[in-house]
Amino acid sequence: MREKGLVEGKGHSTDSMALKLLFWELEQRLISSSGASVVAIDNKIEQAMDLVKSHLMYAVREEVEVLKEQIKELVERNSQLEQENNLLKNLASPEQLAQFQAQVQTGSPTLVTQPGVLGGPQAPAQSLPPPNQGTGPSA
């Protein structure tokens, strides 16, 4: 539109063609230079995104290793507690187990001050009778 107004004002067709050519060349240079800068910006954005991705992947790998170690420790601790639980079940009398089950079901605290009761002070292991001794017929 600008070209048309300038050309009509002068009334020369060669000037019109020259102006059109000049505007076309300017437009092409602007497009090519802005296209190059757009490509450069896109490349910088892509590089930045790759860098962020690398850092995130590194952080995630570190966190995974920490969590794996925690899982390993928890599995070991769980195994120890299961063994301790089985030992305590084997050492407890049926009455103690029944009392403990009742406390668990009612939500009462399991700490009992009577000696020989789960949660209370225990006598030394040597003085405890073997499990089920005296509760059944002698063989």
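The values are calculated or read from the model by the stated rules, or taken from the named source; none is laboratory data. Owing to the predicted nature of the structure, the values given are computational and were not obtained by experimental measurement. FYI the Cβ positions are ideal-geometry reconstructions off the backbone, even for glycines, and counts take in every protein chain you see. All accessible areas refer to the heavy atoms of the entire protein, side chains included, with ligands and DNA or RNA removed. Shrake-Rupley method; radii C 1.70, N 1.55, O 1.52, S 1.80 Å.
Looking at 16, 57, 39, which one has the Cα that reaches farthest to the positive end of the dipole of segment 12-85 (charges on Cβ: Lys, Arg +1; Asp, Glu -1)?
With unit charges placed on the Cβ atoms, the residue in question is 16.
Roughly how big is segment 13-107's charge dipole about its Cα centre, with Cβ charges of +1 (Lys, Arg) and -1 (Asp, Glu), in debye to the nearest 20?
120 debye
What is the distance, in nm, between label points placed 7 Å from the Cα along the Cα-to-Cβ direction at residue 55 and at residue 104?
Result for the modelled spin labels: 5.0 nm.
Enter the accessible area of residue 13 (Å², nearest 10), with the probe set to 1.4 Å and all protein chains included.
For residue 13, solvent-accessible area is about 90 Å².
Could you work out how far apart the two model spin labels at residue 38 and residue 87 are, taking each label as a point 7 Å from the Cα in the direction of the beta carbon, and quote it in nm?
7.4 nm
List, in order, the whole-Hz ³J(HN,Hα) value for each residue of segment 58-74 obtained from phi through the Karplus relation with A = 6.51, B = -1.76, C = 1.60 and θ = phi - 60°; use x for Gly and Pro.
Computed from phi, the couplings for segment 58-74 are 4, 4, 5, 4, 4, 5, 4, 5, 4, 5, 4, 5, 5, 4, 4, 5, 5 Hz.
With a 1.4 Å probe and all protein chains kept in place, how do 50, 15 rank by accessible area, largest first?
Accessible-area ranking of 50, 15, largest first: 50, 15.
For residue 61, what charge total do you get from the other residues with a beta carbon under 14 Å from its beta carbon, if Lys and Arg give +1 and Asp and Glu give -1?
-2
So what does residue 46 come to for accessible area, using a 1.4 Å probe and Å² rounded to 10?
Counting only protein heavy atoms, the figure is 110 Å².
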